[in-house]
Each structure stands twice: as structure tokens, then as C-alpha cells.
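This report concerns only the one structure given below.
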Amino acid sequence: MEKSIVIQLHTKYHTLGELSEQTEQIWFALHGYGQLAEFFARKFDFLDKRKYYVIAPQGLNKFYLKEFSGRVGANWMTKEDRLNEIANYVNYLNSIYKKELEGIDLQKVKINVLAFSQGCSTASRWIANTDLRFDELLLWAGEIPQDVIGQPIFKTIPTTFVMGTQDELLSAAFVEAFLERLKLFQLHPKIIRFEGKHEIDKDVLKALIY
């Protein structure tokens, strides 16, 4: 007989910069499959830390990338116990948002989300399942999953998709099907293609954020 239990969980996340009255933009940065928040946050180290504050949550599931030792990565969910995993990371991300932004005048800052690869589905489900405020959504090498793409929020939040023209994980058929799905749901995001693979290009990132 399968049962479930709710427990208190201690986990970590990383930040870059200093949140203060000078902060103009807050970016939640959600990593991809097999990555760690500590290293993902470093992709934003070019930002002016007085004006930009980066919050990099980490997927709750950790594993060895090869065999049974060595480098460790994290992921946001698998198909196993899918709905509970989604609920867990939505609660986790909500908790980080509320902890970090407590006491901040949210009318004076922009609150944005950038997600990469598997993080795109995570970010989309988070935004679709919370009443927290976000000003911009930037999805890199990923999509809005089918289970939430019909939610009204995606018709109102400014959204940008970034895809590498040589992305080895996003086939031409995948991209074409996704673009058709955007049309079906009458979504009109900005779409940027760059010469690159399944990776975040810092030059493109700088152009998008600045």
C-alpha cells in the first residue's frame, strides 16, 4: 500500500549580489538538468551587483552524474510521483521568494525569471501555480509544458524564448511543434535564435538583460 507523509526539509539555494535600496532588478535563475545552483549563478557574474540581485534555487533531487561517485548534479523532477514533485518545488520556490523579498518595496524593483532547459518547465509551472508577482519570463532552451501553457498568465507576462541554432537537444521537429503550439494558444512571445548549442551564451545573455 502506497502512503505519503509531509516532512520539514532543509535545503539550500544561492544568491549573487546584495539586495538593497539600490537594487533595480531581481532575477530568479533556474538551472537545467544535472546542474547545480552554485555554478549556474556564476553565469550572471557580469552583472552590476548593486543594481541586480540573482537568486538561484536548486532542484531538490540530487544525484551522481556518472556511476556512484564524483560530480553531483540536481534535477527538478522526474515522472515518478510527478504531481507531488511539482507541488514540492512550487512550495520551495514560493518560500524562497517570500523569504528573500520580505520587507522589500516591490513597486521599486522588477522581478524576473530566467530558466534554462529543464528549468523552463519548472519556471512555467511555478508561475502558473502561484499568485506571486513576476514582470518578465525568459526561457532558454526549453518550453512552456503542455499542462500549463493554457493558463491565462502566459497571455499577460512578457516572455522571451532563446534557442541555439545547433542545440543538440532541441530538434527541428520539436521547435516546429512548439511554435505551432504557441500559435494554437494565441501566445506571441519574443523568440531569439543564436548560433550556439545547448548552453547559455553570455553575450546573448548580456544583451537580453541590459
| Of all residues in segment 12-51, how many are free of Cβ contacts under 8 Å to residues at least 12 places away in the same chain and either among the small types (Gly, Ala, Ser) or surrounded by 22 or more Cβ atoms within 10 Å (Cβ to Cβ) (or both)? | 0
| segment 16-45: number of residues that are under 16 Å from GLN58 (Cα atoms) and of a type outside the set (Ser, Thr, Tyr) | 18
| Where residues in segment 70-84 are of a type outside the set (Lys, Arg), exposed (fewer than 12 other Cβ atoms within 10 Å of the Cβ) and closer than 16 Å to LEU36 by Cβ, which of them is modelled with the highest pLDDT? | VAL72
| request: Name the one entry in LYS110, LYS190, LYS197 that is in contact with a strand residue (DSSP E or B) (Cβ under 8 Å, 6 or more places away or on another chain), in contact (Cβ under 8 Å) with a residue 12 or more places away in the chain, of a type outside the set (S, T, N, Q) and within 18 Å of PHE40 (Cα to Cα). | output: LYS197
| query | Has segment 144-167 got any residue that is touching a Gly at 6+ places or on another chain (Cβ under 9 Å), small (Gly, Ala, Ser) and either touching a residue at least 40 places away in the same chain (Cβ under 8 Å) or closer than 14 Å to TRP27 by Cβ (or both)? | reply | no
| What pairs come up if the first residue lies in segment 63-76 and is β-branched (Val, Ile, Thr), the second is part of a loop (DSSP other than H, G, I, E, B), and their beta carbons are under 9 Å apart, counting only those six or more places apart or on different chains? | VAL72/LEU36; VAL72/LEU65
| query | Taking ILE144, is it closer than 23 Å to PHE44 by Cβ, among the β-branched types (Val, Ile, Thr) and touching a helix residue (DSSP H, G or I) at 6+ places or on another chain (Cβ under 8 Å)? | reply | yes
| request: Tell me which residues, restricted to segment 77-101, are in a loop (DSSP other than H, G, I, E, B), within 18 Å of the chain's Cα centre (by Cα) and not hydrophobic (A, V, I, L, M, F, W, C). | output: THR78
| Exactly one of (1) more than 29 Å from GLN25 (Cα to Cα); (2) touching a residue at least 24 places away in the same chain (Cβ under 8 Å) is unmet by VAL54. Its number? | (1)
| request: Among what's in segment 102-145 and is in a strand (DSSP E or B) and farther than 19 Å from PHE194 by Cβ, pick the residue that is nearest to the chain's Cα centre (by Cα). | output: VAL113
| task | Identify all residues within segment 49-78 that are among the small types (Gly, Ala, Ser) and at positive phi; write none if there are none. | result | GLY70
| request: State whether one or more residues within segment 99-114 are under 18 Å from GLN25 (Cα atoms), crowded, with 22+ Cβ neighbours inside 10 Å and modelled with pLDDT of 95 or more. | output: yes
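The values are calculated or read from the model by the stated rules, or taken from the named source; none is laboratory data. Please read these numbers as outputs of a predicted model, since none were measured by experiment. Here the Cβ is made from the backbone with ideal geometry for all residues, glycine too, and neighbour counts use every protein chain on show.
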